Amino acid sequence: MRRFKQELGREECEKLLAEAKSGVLALSGDMGYPYAVPVNHVYKDGKIYFHCAVSGHKIDAIKRNGKVSFCVVAKDEVLPKERATSYLSVMVFGRAKIIESEEELRRISRLIGNKFSPDYSEDCEEEINDTIARGTLCCVEITAEHISGKCSLDILKERENN
């Protein structure tokens, strides 16, 4: 990272990844074009998980090339007077794989359900059972190989003053 003073530590990056509701997944798309798509995700133990349709552009791209990047913008506030933006962001480079095991599909789906629908665990379990039975559940796991984060100068200055 060029502006190393603005670099976030690993622990803070992981906290931001875990707390964020969504991020942007970047893949190698069709005909060499980059393909970036927002996804809801769960971050746990150095891995990012999300669910999606069993077929489509994301799945085709992952099957072709599992190298991906994933970006979370945890804070994004335009500061008009300063002509700047106050931000916290995290970038992950890693390898994506499509989950095959029913046990893993259930585990990941429960992680997602617990994060986004904590008061509806019974409904989530019914949906997991239904989508597995119909063969319409797909989960993807991204193993993080490199994580870096950055904060804006205003946040850096605020932290230095505290």
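The values are calculated or read from the model by the stated rules, or taken from the named source; none is laboratory data. Just so it is clear, the structure is predicted and the values come from calculations on it, not from any experiment. Positions of Cβ are backbone-derived with ideal geometry, glycine not excepted, and every protein chain shown enters the neighbour counts. With ligands, DNA and RNA removed, areas are computed over all heavy atoms of the protein, side chains included. Shrake-Rupley method; radii C 1.70, N 1.55, O 1.52, S 1.80 Å.
Below is a table of values for the structure above.
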item: Residue-wise HN-Hα coupling along the stretch 39-56, computed from phi with Karplus coefficients 6.51, -1.76, 1.60 (Hz; x: Gly, Pro); result: 9, 6, 8, 10, 10, 8, 6, x, 10, 10, 10, 8, 10, 7, 5, 6, 9, x
item: Tail fraction, Cα-Cα pairs, the chain, threshold 20 Å, whole percent; result: 56 percent
item: Alpha carbon Rg of the stretch 105-160, scaled by the compact-globule rule 2.2 N^0.38 Å; result: 1.79
item: Hull-based mean projected area of the stretch 1-92, where the convex hull spans the alpha carbons, in square nanometres; result: 7.7 nm²
item: Set of the stretch 1-31 residues, backbone N closer than 11 Å to the point 7 Å along the Cα-Cβ line of Cys71; result: 24-26
item: Using a Förster distance of 30 Å, the FRET efficiency for Lys47-Lys5 (Cβ separation, nearest 0.05); result: 0.55
item: Dipole of the stretch 41-162 [Lys/Arg +1, Asp/Glu -1 at C-beta], most positive-end residue of Ser148, Val72, His41; result: Ser148
item: Probe 1.4 Å, protein heavy atoms only - accessible area per residue of the chain in square angstrom; result: 62 Å²
item: Theoretical ellipticity at 222 nm over the chain - DSSP helices of four or more residues, -39500 (n - 2.57) apiece, nearest 500; result: -10500 deg cm²/dmol
item: Extension gain from Glu122 to Ser28, taking 0.36 nm per residue of separation minus the Cα-Cα distance; result: 30.1 nm
item: Chain lengthening between Asn114 and Glu102 when straightened (0.36 nm per residue, less Cα-Cα); result: 2.5 nm
item: Cα centre as origin, Lys/Arg/Asp/Glu Cβ charges: the chain dipole, Debye; result: 920 debye
item: Surface share of carbon and sulfur [accessible, 1.4 angstrom probe, percent] for the stretch 1-42; result: 53 percent
item: The stretch 7-23 residues near the modelled Leu79 label - backbone nitrogen below 16 Å, point 7 Å along Cα→Cβ; result: 7
item: Length released on extending from Glu145 to Ser86, taking residue separation times 0.36 nm less the Cα-Cα span; result: 18.5 nm
